[in-house]
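What follows is a short report on a single structure.
Each value in this text was obtained by applying a stated rule to the coordinates, not by laboratory testing. As the structure is a computational prediction, the values presented were derived from the model and not from experiment. Neighbour counts are summed over all protein chains in view; Cβ atoms, including those assigned to glycine, are modelled from backbone coordinates with ideal geometry.
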Amino acid sequence: MACDPITPARFKELKPQFAAVDDAVITGYITLGGMWVDGSWPDRLCEAAQTAIVCHLMTLDGLGTDAQSQQFKAGLSNFQSFKSGELTLTRFQKSAGETSYSEWLAQTSCGAFFAQLLRMAKGGPRIAMGGVGGAQSGYAKDVANWPVWRTQ
């Protein structure tokens, strides 16, 4: 499997809200995105995953022309509530140590999409179980009395 980096031109084609960003800047984000999406990704998810993580990173930095990027650029993404009549603003900022990886990804629509792709590509094996016992992690090693021959 080869997961070759996308080009800035292809990224701009897929995410036109970043069309005004210089190619050198996008190349830097593509390189950074390589920390998340490497050659271990399935070919059919590679381009989508690269696009999603690069879009997420650039949106967090407020580089796009879309509303979400502009919110981050203006610092409005930290507002938990906003009221217009007799202005009421409530700013909410978690400390960096309290933010989980999934919460960090959920800050942008591209990050949320990347989280879904990550589950598809890297979620590990899944085991379907019926009856009593509840949900398992998806890994065979976490299933009680598995494999069956060990309990007999």
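Quick notes on this one:
- Pair-distance distribution P(r) for segment 23-64, from all Cα-Cα distances in 10 Å bins starting at 0: 31, 54, 15 percent.
- Ascending count of other beta-carbon atoms within 10 Å, so fewest first, for Glu47, Glu13: Glu13, Glu47
- Restricting the calculation to Cα atoms, every distinct pair contributes to the Kirkwood radius of segment 3-80, found to be 12.7 Å.
- Per-residue Karplus couplings for segment 29-38, computed as 6.51 cos²θ - 1.76 cosθ + 1.60 with θ equal to phi - 60°, are listed in order as 5, 5, 4, 4, x, x, 5, 9, 10, 10 Hz, Gly and Pro entered as x.
- Exposure proxy order (Cβ contacts within 10 Å, fewest to most) of Thr27, Thr108: Thr27, Thr108
- Within segment 1-42, the proportion of Cα pairs with more than 15 Å between them is 42 percent.
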